[in-house]
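Engineer: Provided herewith is a single structure, encoded as C-alpha cells, for subsequent inquiry.
The values are calculated or read from the model by the stated rules, or taken from the named source; none is laboratory data. Computed from a prediction, not measured in an experiment: that's the story for all the values here. Positions of Cβ are generated from backbone atoms using ideal geometry, with glycine treated the same way; all protein chains shown enter the neighbour counts.
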Amino acid sequence: MSALAAAAPEQDRGRVAAARAAMGLAWSDPIGRVGFLLLALSVALAVVGPVVFPFDPTAVGKTAADILRGPTAAHWLGTDELGRDVFRETLAGAQVSLLVGLLATAISMVAGTAVGLSAGYSRGWLGGLMMRVTDFFLVIPTLPLIIVLAAVVGQSLGVIILVIGLTSWASTARIVRSQVLTLRERVFVERIRALGATDWRIATVHILPNVLPLIFANTVLVIAGSILAEATLAFLGLGDPTHTSWGTMLHSAFTNGASSRGAWWYLVPPGIGIVIVVLAFTLIGYTLDRILNPRLRNR
Amino acid sequence: MSRWRTSWTLMAGAALVAASCGSSEASPSASALASAAATSSSTVASAPATASGSAAPSASPSAVVPSPTDQPLRIGWLSEPDTMNPLTAATTEAVEVTQLIYDKLMDYGLDLKPEPELASSFTQSADGKSMTFQLRDGVKWHDGQPFTSADVAYTYNLIHDNDLGQYAQFLLNLTGVKTPDALTVELDFSAPQAFNPALVVPIVPKHIWSAMSLKQIEQFRNDKPVGTGPYTLSTKWTSGTPLTITRNAAWWGQLPAPATITWVRYDNSDVMGQGLRSGELDIIPQVPPTVFDGMTGADGVKTVALPSFSFHHIGFNVSTKATSKGNPLLKNVTIRQAIQDAVDRNQLVQLCLAGHGTPGDTIIPAGMADWHLSIPADQQFNANPDKAKQMLNAAGFTDPNNTGVRSSADGKQLAFRLIAINTTDVDVCAAKLVVNAAAAIGVKLELTTLDENTLNDTVYNTDTPNWDMFVWGWDSGALDPSYMLGVPLCSQIGGNNDVFYCNKQYDDQYAQQAVTIDPVARKAITDQMQREYYNDAAYLVMWYQDKLQAYRTDTWANWAQIPGGMVFNFTRDNYLHIVPAR
C-alpha cells in the first residue's frame, strides 16, 4: 500500500504535464486558437460588461415612442419591447446563458461519469441495468422531454439547469463506459487488484484519471449543447421570465413582433452572442477531442 | 372566460327600456338585418375616437344580401375553446364558436341593437315583469328534431334552477316559464327586468340534454353539439387542430356565404399577422400593438382599430375558503390597494399597448361611456408609490432589516405569485412592469407564465385555488352593465367570479339595479357598485384596450366595423353578412 501511495503524486504530476501539453497543442492548432480567443472574448464581456454597463430591468421607457426603437446615441443597440437598453441587456444575458451552460454541464458530467464508470467497471447485473437506463435516456427525444419537464416542474433558473443537466448525460456515460471497458482489462489493473486494492479504489484512483481527458473534451462540447438548449427552451417561452438570457431576449423579440417591425437590433445581438459562445466551445471541444482521443489522434 | 366587449349601453339600454316599458314589438323580419348593416357605418363614425389615429375606416358594408358560396372563411386565434358546451363555456373562443352553432331567442345585430332570432316577436308586459316570445315556426335541430317552446323552457329552467354557468346571473328573479303552446314562451319575473336575458342565453335541445344529470351537464364537453344555428360542427374537434364548422343548409335564416368557417391556432400573434399577410387567413381578431402601425400599409390587408367592450386586469385571490391555498395576506385590502397604487396604468398602456388603449379604473369599460364611472384622479389607486409605502407603513407592513421585501408583524413576507398567459404578450409585458412596480414599494411578485387553459383551470379551482394573483382580461358578454357587474357576485363563485370576491351589500345592489328600469336611477346604483368594487381592490383594471383587427381585402368583403370588433364580438352577424370580395 505504501508503494501505491507514493506513486500517486508521481502520476498526478505526469497528468498535469500531459494536460498542459494537450492545452498547448490545442492552442497551436489554428481552429483551437480561434475557439480560445472567442471564448476569452465572451467571458470577458460576460464578466466585465455588466460591471461597466449594468443592466437595470426596471429602467423602462415612458411612452410608446420609446419601445423597439432603433439605435441612438443613448441606446447603442436600440431598445426592447419595454424601452430598455438592448446593449446592456445583451451583456446581462451573456452571464445568465454562460451560467446555465456551465452549471447544467457540471450536473451532466457528474451524472454521466458516475453512471459510465460504474456501468463499465461492474460486470454484474448493475452494469447492465445502468446501461439500459442510459440507452433509455439516449433514445428519448431530448427536446420534447425538456419541454415537458420544464412545463411541469416550473420555470425557475435552477429547475432549467437541472432539467438540461439531467437530459444530457447519457452520451457522456456511453463514452466513459466504453473507455472503462478497455481500461479494466489492462495489465496494470490486474496488478493492482492482485495487490488487494478494492473495487472502489481501482475505479476511482486508477481508472477514473485515465478517462478524464476524454471527459474533459466531451465537457466542452456539452457546454455548447447546454447553452443552445437553454436558448431553445427560453425561445419557446419555457425560460425563466424573471431572468434575462439570450434565449428569453429572442423570445421577447419574436413575440413582440420585432421581426415584422424590422427591429433587427433586438434580434441580432443575442443571436450573435449565442453563435459566438457556442462556436467557441465547439471549436475548443473538437480540437481537444482530436488531441486527447486516441482513436482520432493523427500524430 | 368570455372576455372583452365595450359598451354602448345608452343605445342598447334605451332600446331595451323602450321595449320593456312600451311592450313594443321587437323589430321583426330578417330584412331589418340589411338596414341594420347599412346603419352600422354611422355607428362607427360616432364611435369614440380611438388612440393612435387609426380612425375606423369608412368602408361601410353595403346592403348586399349574402348567398351561399363554396368559399371558406379562415380565422386565426391564439387560444382554444375550453368546451363546446354553450352553457358552461368560459373562454371567448368557446362563445365565438358556439354562438354560431346555437341560436338564442334574440341577439344583437350589426347596429348592436336587439334583433329577433329564434323568437319572431317579443313583448314585455307594462309592469316589466313578464316577457312573451313568439317562436319561429319550422325550426329544426341539427339532428332533424323540431324545435319547440319546451326546449326554451327546459334551457331557462336548467340555468335558473341549478344556478348553472355565467348566464344564471341574468335569471336571478325568474319565477316561472310558461309554454301556452309549442311556439309561445312566457318568462315571468318577480321584479321588472332592465336587461333582456333572451339576448345572451343560448337554447339547447331538451331531447338530448334532459337525459343527463346536472353533474354530467356541468362536465359535458359536447363534442357533437346539436343546435339550431347556421353552422354545425360535423367532425369531432381535438385540441391542437384547426376547428371547422360547416354551413347548416337547413338553417331557418338567410344562408350565410362562407361554406365553412375554420379557426386556426397560432402560438404567437406576430406569426398570425404573417399568416394574414401571406394569405393563409382571411381575418385575425388581434394584431399585436407593436406591429399594428406597420401593418397598416401592407398589400391586400386592411387594419381596423375599434373601441372595445373589454379590459385586462390583475385579479387578487380573496377567497375566504379555509381550503384556499392563496396567500392569506391578500385578503388585506390595504395590501391590495397599495399594489394598485404602485402601478402606473398610463405606463402600461404606453409600453404594452403601444398607446392603443385607455388606462383603466372600474370594471365597466370606458367604451360603455353611458355606464362607465370615471374615478377622479385624486381618489384613484394609481401611479402613487409614495402613498402605497405610507399605507403599508401605517398598516405595520415594514422592512426593518432592509431585505427589500416588507413583512407583516408576525414575520410573513409580502411575497406573492403572479401568473399570466404565455401567449398573451400584452399581459406578459404588463406582468413584468407590475413586478417592477411592486418591488419599488417592497412587495415581491414571482412571475410564472402558463398557457391559457392551464391558467383557466388554475384560477377557476373554486375549492382549493392555489394562486395569489393573475393577469387576464374580460369581454363584456352583453351590451349592458349587468354582465361585468355580475362577475364579482357571491353567486358567481364557481361561475365567472375569478377572484372569489363576495360582498352581500354589493349583491343586494346588483339585484336592485337589475329591477330598476329608469336609466338615471339605475346608473346611480351601478356607479355606487363600481366605486365599491374599485375601493375593495380585488381587481386591478389595467386598461381598456382598442380592438386591433385586420382582414384581407381580396377574399371577403362587407365586414361591418363595429365597436367591439368585427369578429369576437357579441354579435355574430358579421359571419352571416360578409360576401366574397370578387
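Engineer: Collect the residues in segment B:349-380 that are surrounded by fewer than 23 Cβ atoms within 10 Å (Cβ to Cβ) and touching an Asp or Glu at 6+ places or on another chain (Cβ under 7 Å), keeping them in residue-number order.
Structural biologist: B:L373, B:S374, B:I375, B:Q380
Engineer: Determine, yes or no, whether A:G61 is touching a Ser or Thr at 6+ places or on another chain (Cβ under 7 Å) and either part of a loop (DSSP other than H, G, I, E, B) or on the phi > 0 side of the Ramachandran plot (or both).
Structural biologist: On the way: touching a Ser or Thr at 6+ places or on another chain (Cβ under 7 Å): yes; either part of a loop (DSSP other than H, G, I, E, B) or on the phi > 0 side of the Ramachandran plot (or both): yes.
For A:G61, the condition - touching a Ser or Thr at 6+ places or on another chain (Cβ under 7 Å) and either part of a loop (DSSP other than H, G, I, E, B) or on the phi > 0 side of the Ramachandran plot (or both) - is met.
Engineer: Now a separate question. Tell me, yes or no, whether segment B:203-211 has at least one residue that is within 30 Å of B:L348 (Cα to Cα), touching a residue at least 40 places away in the same chain (Cβ under 8 Å) and aliphatic (A, V, I, L, M).
Structural biologist: Here is the first cut: in segment B:203-211, the residues within 30 Å of B:L348 (Cα to Cα) are none.
Within segment B:203-211 (the criterion being within 30 Å of B:L348 (Cα to Cα), touching a residue at least 40 places away in the same chain (Cβ under 8 Å) and aliphatic (A, V, I, L, M)), the answer is no, since none of the residues qualifies.
Engineer: From B:G128, B:G138, which residue is modelled with pLDDT under 90 and not in a helix (DSSP H, G or I)? Steps first, answer last, please.
Structural biologist: Details: B:G138 fails: modelled with pLDDT under 90.
Testing whether each residue is modelled with pLDDT under 90 and not in a helix (DSSP H, G or I) leaves just B:G128.
Engineer: Still on this structure, please answer the following. Could you identify the single residue in B:I335, B:I314 that is farther than 28 Å from B:P563 by Cβ, in contact (Cβ under 8 Å) with a residue 40 or more places away in the chain and either touching a helix residue (DSSP H, G or I) at 6+ places or on another chain (Cβ under 7 Å) or among the aliphatic types (A, V, I, L, M) (or both)? Even if it seems obvious, please write down each step before you answer.
Structural biologist: On the way: B:I314 fails: farther than 28 Å from B:P563 by Cβ.
None of the others qualify; the one that does is B:I335.
Engineer: Inside segment B:96-114, can you point out the residues that are closer than 27 Å to B:E186 by Cβ and outside any strand (DSSP E or B)?
Structural biologist: Result: B:T98, B:Q99, B:I101, B:Y102, B:D103, B:L105, B:G109, B:L112, B:K113.
Engineer: Now a separate question. How about segment B:500-519: which of its residues are in contact with a helix residue (DSSP H, G or I) (Cβ under 7 Å, 6 or more places away or on another chain) and under 13 Å from B:S482 (Cα atoms)?
Structural biologist: B:Y506, B:D507, B:Q509, B:Y510, B:Q512, B:Q513, B:A514, B:T516, B:I517, B:P519
Engineer: From A:G32, A:G49, which residue is closer than 29 Å to A:W169 by Cβ, touching a Leu at 6+ places or on another chain (Cβ under 7 Å) and crowded, with 17+ Cβ neighbours inside 10 Å?
Structural biologist: A:G32
Residue-wise test of (1) more than 14 Å from chain B (Cβ to nearest Cβ); (2) crowded, with 21+ Cβ neighbours inside 10 Å; (3) over 18 Å from the mean Cα position of the chain (by Cα).
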{"residue": "A:N210", "(1), (2), (3)": "yes, no, yes"}
{"residue": "A:F216", "(1), (2), (3)": "yes, no, no"}
{"residue": "A:V220", "(1), (2), (3)": "yes, yes, no"}
{"residue": "A:A229", "(1), (2), (3)": "yes, yes, no"}
{"residue": "A:G239", "(1), (2), (3)": "no, yes, no"}
{"residue": "A:T242", "(1), (2), (3)": "no, no, yes"}
{"residue": "A:W246", "(1), (2), (3)": "yes, yes, no"}
{"residue": "A:S252", "(1), (2), (3)": "no, yes, yes"}
{"residue": "A:L267", "(1), (2), (3)": "no, no, yes"}
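Engineer: Out of B:N535, B:N461, which single residue is under 21 Å from B:A366 (Cβ atoms) and surrounded by fewer than 16 Cβ atoms within 10 Å (Cβ to Cβ)? Step through it out loud before you land on a result.
Structural biologist: Details: B:N461 fails: under 21 Å from B:A366 (Cβ atoms).
Answer to the selection: B:N535.
Engineer: Counting only residues that are more than 21 Å from B:A437 (Cα to Cα) and touching a residue at least 40 places away in the same chain (Cβ under 8 Å), which one in segment A:48-67 is nearest to the other protein chains (Cβ to nearest Cβ)?
Structural biologist: Step one: of segment A:48-67, the residues more than 21 Å from B:A437 (Cα to Cα) are A:48-53.
Now restrict to residues that are touching a residue at least 40 places away in the same chain (Cβ under 8 Å): A:49-50.
Values: A:G49: 22, A:P50: 18 Å.
Looking at the filtered set, the residue picked out is A:P50.
Engineer: Moving on to the next point. Regarding segment B:197-217, can at least one residue be identified that is surrounded by fewer than 22 Cβ atoms within 10 Å (Cβ to Cβ) and in contact with a Leu (Cβ under 6 Å, 6 or more places away or on another chain)?
Structural biologist: no
Yes/no per residue for (1) at pLDDT 90 or above; (2) touching a strand residue (DSSP E or B) at 6+ places or on another chain (Cβ under 6 Å); (3) in a strand (DSSP E or B):
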{"site": "B:W237", "(1), (2), (3)": "yes, yes, no"}
{"site": "B:G240", "(1), (2), (3)": "no, no, no"}
{"site": "B:I245", "(1), (2), (3)": "yes, yes, yes"}
{"site": "B:D270", "(1), (2), (3)": "no, no, no"}
{"site": "B:E280", "(1), (2), (3)": "yes, no, no"}
{"site": "B:V287", "(1), (2), (3)": "no, yes, no"}
{"site": "B:D293", "(1), (2), (3)": "no, no, no"}
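Engineer: Turning to a different aspect of this structure: For segment B:488-514, enumerate the residues that are hydrophobic (A, V, I, L, M, F, W, C) and surrounded by fewer than 23 Cβ atoms within 10 Å (Cβ to Cβ). Outline the logic, then answer.
Structural biologist: Looking only at segment B:488-514, we keep the residues that are hydrophobic (A, V, I, L, M, F, W, C), and these are B:489-490, B:493, B:499-500, B:502, B:511, B:514.
Scanning segment B:488-514 gives B:L489, B:C490, B:I493, B:C502, B:A511.
Engineer: May I ask you to list the residues in segment B:291-315 that are crowded, with 19+ Cβ neighbours inside 10 Å and within 14 Å of chain A (Cβ to nearest Cβ)?
Structural biologist: Hits for segment B:291-315 are B:V291, B:F292, B:D293, B:M295, B:V301, B:T303, B:A305.
Engineer: Among the numbered conditions (1) surrounded by 22 or more Cβ atoms within 10 Å (Cβ to Cβ); (2) at pLDDT 95 or above; (3) not in a strand (DSSP E or B), tell me where B:W251 comes up short.
Structural biologist: (1)
Engineer: At least 3 residues that are among the aromatic types (F, W, Y) in each: list the strands (runs of 3 or more DSSP E) lying fully within segment B:450-564 that qualify.
Structural biologist: Numbers: elements: B:469-475, B:539-545, B:547-552.
Where strands (runs of 3 or more DSSP E) fall fully within segment B:450-564 and carry at least 3 residues being among the aromatic types (F, W, Y), they are B:469-475, B:539-545.
Engineer: While we're looking at this one, here's another question. When you scan segment A:88-173 for helices (runs of 4 or more DSSP H) that lie fully inside it, which ones turn up with 3 or more residues that are among the aromatic types (F, W, Y) and under 30 Å from A:E185 (Cβ atoms)? Talk me through it step by step, then tell me what you get.
Structural biologist: Numbers: elements: A:125-139, A:142-153, A:157-167.
Per the criteria, A:125-139.
Engineer: Next question, about the same structure. Is it the case that B:P288 is crowded, with 16+ Cβ neighbours inside 10 Å and either within 14 Å of chain A (Cβ to nearest Cβ) or touching an Asp or Glu at 6+ places or on another chain (Cβ under 9 Å) (or both)? Step through it out loud before you land on a result.
Structural biologist: Numbers: crowded, with 16+ Cβ neighbours inside 10 Å: yes; either within 14 Å of chain A (Cβ to nearest Cβ) or touching an Asp or Glu at 6+ places or on another chain (Cβ under 9 Å) (or both): yes.
Yes.
Engineer: Please work out which one of (1) assigned to a helix (DSSP H, G or I); (2) modelled with pLDDT under 85; (3) touching a Ser or Thr at 6+ places or on another chain (Cβ under 7 Å) is the condition A:A224 fails and give its number.
Structural biologist: Status for A:A224: all satisfied but (2).
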